[in-house]
Amino acid sequence: MHLSPDQIIYWQMGFLKINATIAFTWLVILILVVTSVLVTRKLSTDLKRSRWQNLLEVVVITINKQIEEVGLRQPHKYLGFLGSLFLFIALSAIGTVIPGFEPPTGSLSTTAALALCVLVAVPIFGIQEQGLKSYLSSYTKPTIIMLPFNIISEVSRTLALAVRLFGNMMSGAMILAILLTITPFLFPIVMTLLGLLTGIVQAYIFFVLATVYIAAATRTQDNTLSESS
Amino acid sequence: MLIDWFTVVAQVLNFLILVWLLKHFLYHPILKAIDVREKRIADELADADAKRAEAEQQCELFEKKNAEFDRQRIESMNKVSEDAKNESARLFDLARQESDTLRYKLALSLKNEQLSLQDELNSKVQKEIFDIVRKALSDLAGTSLEGCMAVTFVQRLDALQDAEKSHFQAAFKHSDQPIIVHSAFDLPDEPSALIVRALKGLLGDSVIIQFVTEPELISGIEMNANGQKVAWSIADYLTTLTKRVDEVMQSHGESHDNTQANDIGMVKDLNEEHSSDEKHL
């Protein structure tokens, strides 16, 4: 039994290799992109539109609205990054219902990579929004003593993001594999459905947390004052 | 080791590529389409608002025009009604006038007809009387009517008072105008000579006497000169006859009216009886 799809290696040359995590990531990316291309190729700006276009519009608008509700004023700006996070994790979770599918998010490498992306994206968006000095000074708030704690908080929450997602996805796959050996038919189906729900919830949690981090980083001094007043 | 750093780097790259691809193929086109649709809907709503405002304006204008039209219609109707009333009154007056004129003309015509009828009757009666008298005289006395009339005329001349005679004589003494004797028929020689003799005896031999026949003359013989007149006429007889005929006609008309009145009264009574019968029924 593999704890991580990283251990399933399809091809390797030196340190270069293609494991199940990368392969299934490409599959997820392919599905997302091909679907997008197929649907957006014939976009209708009229009131009458196709079902697929309707579905994608609902998805995009819902993500956009969620970003806005969390507190980001210009959701279009963050939609690419945060929306991709959600769609990638959600589709990976949905894929678990397909037998033989190894969710890329079940690999700690993937969740770590996503958490690292969030770790890097937060200061980038923060600096973009409020400037380098203002952003860096936010680590010394309310006093300079809080600087190490803020840095630790930044790292630890990134770690928490990665481990939370990995733990949930891996545990779901593990439980399913163990149950398949004990009760081959009925119980694994229920657990698969539960895993599907857990995966979607985790995708939402990851997306919302990343949004909250970015929102906290991009909140300027003026915004804070105006909101507090 | 659960973390494979090569995989981590690869996944980071994969994720960044995914972000770029989705931005390019999903978010941007979808958001653009939504924006275009929203703009279109907003434009259509604005257009609809503008059209509604215009429609409301048109409706207001229409209502105003409608009210104005109603007011004008009522005014026109009143005016037409007033004009019709005036025209009706005028036409009634005109009709009444025409009716009066026609009635007057009818009365005049009737009167003329009556007069004409009376004249015709008179002349016929005269003719008949003359014919009857002439025949009766001829059959009974062997004399002519003309002769008798001349004798009567002469007797009247003789019967004139002295004052009248002198008045005649004074009137014809200095006159060189002829004395004209009118008669309804041609006088025979004997009666003419009798009249000439009588007149010459009264007025002198120098007097000129001229006989003129006028069939329409009612009287038998008539003499006019200088405002003096001597005549024997059957006009009085005819007047008396006409009066009596009128009296007879009038009495006949009254009896006819009374009969009609009685008939109407009887019809009324019958109607009343009939209505009372109906009531009883």
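Residues in the stretch B:1-30 that are of a type in the set (D, E, K, R) and in contact with a strand residue (DSSP E or B) (Cβ under 9 Å, 6 or more places away or on another chain): B:ASP4 only.
Out of B:ASP35, B:ASP4, report the one residue that is within 14 Å of chain A (Cβ to nearest Cβ), free of Cβ contacts under 8 Å to residues at least 24 places away in the same chain and over 30 Å from A:LEU55 (Cβ atoms). Working first, answer last.
Numbers: B:ASP35 fails: over 30 Å from A:LEU55 (Cβ atoms).
Unique residue meeting the criteria: B:ASP4.
Of the residues making up the stretch A:151-162, those that are open to solvent by 50 Å² or more (accessible area, probe 1.4 Å), hydrophobic (A, V, I, L, M, F, W, C) and within 21 Å of A:THR211 (Cβ to Cβ) are A:VAL155, A:LEU159. The set of residues in the stretch A:27-48 being within 7 Å of another protein chain (Cβ to nearest Cβ), crowded, with 16+ Cβ neighbours inside 10 Å and modelled with pLDDT of 90 or more consists of A:ILE29, A:LEU32, A:VAL33, A:SER36, A:THR40. Here A:ALA113 passes the criteria (1) within 10 Å of chain B (Cβ to nearest Cβ); (2) open to solvent by less than 10 Å² (accessible area, probe 1.4 Å); (3) over 27 Å from B:ASP35 (Cα atoms); (4) in contact (Cβ under 8 Å) with a residue 60 or more places away in the chain except the one numbered (4). Take the conditions outside any helix (DSSP H, G or I), open to solvent by less than 30 Å² (accessible area, probe 1.4 Å) and either under 19 Å from B:MET149 (Cα atoms) or modelled with pLDDT under 80 (or both) and apply them to B:LEU217. Does it pass? Spelling it out, B:LEU217 is indeed outside any helix (DSSP H, G or I), open to solvent by less than 30 Å² (accessible area, probe 1.4 Å) and either under 19 Å from B:MET149 (Cα atoms) or modelled with pLDDT under 80 (or both).
Would you check which residues across the stretch A:1-26 are in a strand (DSSP E or B) and surrounded by fewer than 20 Cβ atoms within 10 Å (Cβ to Cβ) and list them? Within the stretch A:1-26, A:ILE9, A:TYR10, A:TRP11, A:GLN12, A:MET13, A:LEU16, A:LYS17, A:ILE18 meet the criteria.
Tell me, yes or no, whether the stretch B:92-107 has at least one residue that is over 15 Å from the mean Cα position of the chain (by Cα) and free of Cβ contacts under 8 Å to residues at least 60 places away in the same chain.
Filtering the stretch B:92-107 down to residues over 15 Å from the mean Cα position of the chain (by Cα) leaves none.
No, because not a single residue in the stretch B:92-107 is over 15 Å from the mean Cα position of the chain (by Cα) and free of Cβ contacts under 8 Å to residues at least 60 places away in the same chain.
The condition of being under 30 Å from A:LEU32 (Cβ atoms), within 7 Å of chain A (Cβ to nearest Cβ), at pLDDT 95 or above and part of a helix (DSSP H, G or I) holds for B:LEU21.
Okay, residues lined up against (1) open to solvent by 60 Å² or more (accessible area, probe 1.4 Å); (2) under 14 Å from the mean Cα position of the chain (by Cα); (3) under 24 Å from A:GLU102 (Cβ atoms):
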{"position": "A:PRO123", "(1), (2), (3)": "no, no, no"}
{"position": "A:GLY126", "(1), (2), (3)": "no, no, no"}
{"position": "A:GLN130", "(1), (2), (3)": "no, no, no"}
{"position": "A:PHE149", "(1), (2), (3)": "yes, no, no"}
{"position": "A:ARG164", "(1), (2), (3)": "yes, yes, yes"}
{"position": "A:ALA173", "(1), (2), (3)": "no, no, yes"}
{"position": "A:VAL190", "(1), (2), (3)": "yes, no, yes"}
{"position": "A:PHE206", "(1), (2), (3)": "no, yes, yes"}
{"position": "A:ILE214", "(1), (2), (3)": "no, yes, no"}
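Of the residues A:THR25, A:THR35, A:THR40, only one is in contact (Cβ under 8 Å) with a residue 40 or more places away in the chain and within 26 Å of the chain's Cα centre (by Cα); which? The unique qualifying residue is A:THR25.
Taking the criterion of being aliphatic (A, V, I, L, M) and open to solvent by 80 Å² or more (accessible area, probe 1.4 Å), the residues of the stretch B:116-139 that qualify are B:LEU117, B:LEU121, B:ILE132. Within the stretch A:91-108, being open to solvent by 10 Å² or more (accessible area, probe 1.4 Å), away from chain B (no Cβ under 13 Å) and part of a helix (DSSP H, G or I) holds for A:ILE94, A:THR96, A:VAL97.
Would you check if there is a residue in the stretch A:118-126 being within 24 Å of A:PRO5 (Cα to Cα) and outside any loop (DSSP other than H, G, I, E, B)? Among the residues of the stretch A:118-126, at least one is within 24 Å of A:PRO5 (Cα to Cα) and outside any loop (DSSP other than H, G, I, E, B), which makes the answer yes.
The values are calculated or read from the model by the stated rules, or taken from the named source; none is laboratory data. Please read these numbers as outputs of a predicted model, since none were measured by experiment. Quick reminder, even Gly has a Cβ in these numbers, built from the backbone with ideal geometry, and neighbours come from all protein chains shown. The protein model used for the area step is the full one, side chains on, heavy atoms only, and it has no ligands, DNA or RNA in it. Shrake-Rupley method; radii C 1.70, N 1.55, O 1.52, S 1.80 Å.
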